[in-house]
Each structure stands twice: as C-alpha cells, then as structure tokens.
Amino acid sequence: MGAIEDAAALMEKAEQATAAARAVEREKVQARGEVRAVSMRSYWRAEMIEGQGAAVVRHYIERHPDRFKAALKRLVDEDVAAGVRGIPGVNIIEDRKVA
C-alpha cells in the first residue's frame, strides 16, 4: 500500500499548493511608506502597430460600421471646411446660398 499512501501525500501537497496559489492571486501589490500603503493599479493603453493600419480599419468596419462611417464623415467635413477639394472616393458639392 505504499503507492496509495504516496499518491495521497502528493494529492495533499497539490491541494496545499493550489490553495497557496489562490491566496497569492488575491493579494494586492502595495508599496508601504512611513505612513500610508499605496496600491498598484493596472492601466491599459493601445499602441498602433506600424504597417497594420488596414487590419485595424477592417476590424472597426466589421465591428462598428455606422460609427466608422460617422468618424470618416467628420474627417471629410473638416477637410472640406479647411478648403480641401480633392478627396478620393468623395464628391465635394458646392451649395450656393444667399448670404
């Protein structure tokens, strides 16, 4: 019965290791000073990868087509208001009104 006892001992050690790992996962990282502890917080930011712009555009066209079109429309409107008269894929129309 030595093998069964050894397996039971290994199972007990594995359970203890699992419990210890869970405890570590729940711990907050803190830097302690003289008076006050300061917790660390993760902040996420995006960084565009050079040469991958087309993949990003495809992603957002598929995921948010209406918002993507609205963002393009804002850019086109800004360029036209600034005097740009040649934008590929865009008809620029002059409306004349009484001032």
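Each reported figure results from applying straightforward, stated rules to the coordinates on display, with no laboratory input. Keep in mind that this is a model prediction, so the values were computed, not measured. Note that we place each Cβ from the backbone using ideal geometry, even for glycine, and neighbour counts take in every protein chain shown.
Laid out as a table, the results:
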{"read-out": "Glu94-Trp44 FRET efficiency (beta carbon distance; Förster radius 41 Å; 0.05 resolution)", "value": "0.35"}
{"read-out": "Sparse-neighbour loop sites [trypsin sites (Lys or Arg not before Pro); segment 42-99; at most 12 other C-beta within 10 Å; DSSP]", "value": "Arg45, Arg85, Arg96, Lys97"}
{"read-out": "HN-Hα J in Hz across segment 84-92 - Karplus 6.51, -1.76, 1.60, θ = phi - 60°, x for Gly and Pro", "value": "6, 10, x, 10, x, x, 10, 8, 9"}
